[in-house]
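Laboratory data are not the source of any read-out in this text; all were calculated from the coordinates shown. The model shown is predicted, which means the values in this text are computed figures rather than measured ones. FYI the Cβ positions are ideal-geometry reconstructions off the backbone, even for glycines, and counts take in every protein chain you see.
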Amino acid sequence: MIDFEIPAELAAERDRVRQFVIDRIVPFERDPRLTQHGPTDELRQELVELARAENLLTVQAPVELGGRGLTHAEQAVLYEAAGWSTLGPVAMNCAAPDEGNMYLLSKIANPRQVDQFLAPVIAGHQRSVFAMTEPDGAGSDPAQLCTEATFDGENFVLNGRKWLITGANGAKTWIIMARLAPNPHLPEGPTLFLTEGGTPGIVIERTMNTMDRNYVAGHGVVRFENLTLPREALLGAAGQALRYAQLRLAPARLTHCMRWLGAAERAQSIAVAHAKTRTAFGKPIGEHQGVSFLLADNEIALHQCRLTIWHACWLMDRGEKARHESSIAKAFVSEELFKVADRCVQVLGGIGISDETVVEMIFRDMRAFRLYDGPTEVHKYAIGRKILR
């Protein structure tokens, strides 16, 4: 039997999260520390302390690491509430890339690495990055990885260049993907490494100017120049990075969808309020069929997106990998929510393209969401291959 009822305790916590975001976080959307390159780390730390005081920090972490050990379905409910403001997930420490990195590290890091690299991120004291994407190599196809690591039996030496590395400036926990060259000691191939930010050999060239501004410190261009790491820097098994990346990406696709669903709801609420009060041609614009249809299409899309997310979460909570279903969710939800944001801009008219409301920012960020964790076309390609097999 399919049950769509949200347990009373979870519903109460959802409402508490939403009210916390409205009362304590939304006012920071006008803070000058929310810059073109996203929130500054100073702003992040202030928001984190607000969530900590309300016992809402990193609720998704495993119980043994201080979190509540939420199921995927429970995350869907609470992340949607947090996403009412793009700063909500930042405050609650469930924003990308940290949320996905915490999930990955909790699965494959050894106890020493957990203590040194994961625990401080869960506590909100430091940020993390996942350095994979390259200007001329790995991206939608991680198999094109160009960054190389050599190994002499004691130390790894990494050389290469990455870009679109979210949160690179100031991050302390670095997960780096590089292709391990043939050697007599370990299996070759794509491999993950774990090190501290500021390690000699990590060169942050610049922060890129991008259309989105919801990620702390924006997106960086990074160069590795003879980055020398000890054997203990190996994360997981050598040559297994692509498998680990999939372990991280399936749930991360869904958490993106959860958070942005909340932002799209916010945009819809602003558009509805405007449609009730703005008049044209003798009546509120919401009473004109053209506008009411836009809002109705949004409501339909929000409902469909929520159900798509919940279904994939249900499968994962049953122990299934749900790669196919998470690809469906990412492709469908990212496209539909962008349409929701676009229709909200249209309903708002002139103020929709201004910063008089947050809808303009949500619209730009939502456009970028269509590319996060794989563009729609890559997911459709994977979906097509599965149904044709």
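Using only side-chain charges placed at the Cβ, +1 for Lys and Arg and -1 for Asp and Glu, the dipole size of the chain relative to its Cα centre rounds to 600 debye. Applying 0.36 nm per residue to the separation of Glu5 and Asn55 and subtracting their alpha-carbon distance, the gain on full extension is 15.5 nm. Farthest towards the positive end of the charge dipole of the range 42-169, among the residues Ala109, Ala81, Ala143, is the Cα of Ala81, using unit charges on the Cβ of Lys, Arg, Asp and Glu. Which of Lys162/Lys339; Lys321/Lys386; Lys172/Lys330; Lys283/Lys339 have a Cα-Cα distance over 24 Å? The answer is Lys162/Lys339; Lys172/Lys330; Lys283/Lys339.
For the pair the range 1-59 and the range 310-389, the centres of their Cα atoms are 21 angstrom apart. Full extension of the chain between Ile387 and Glu320 gives 22.3 nm of extra length, using 0.36 nm per residue less the Cα-Cα distance. Along the axis of the charge dipole computed for the chain (Cβ charges of +1 for Lys and Arg, -1 for Asp and Glu, origin at the Cα centre), the listed residues Gly239, Ser292, Gly66 are led at the positive end by Ser292. Within the chain, DSSP assigns beta bridges of which about 85% are antiparallel (rounded to the nearest 5). In the chain, the DSSP-assigned H stretches of four residues or longer account for a calculated mean residue ellipticity at 222 nm of -14500 deg cm²/dmol, using -39500 (n - 2.57) per stretch and the full residue count as denominator.
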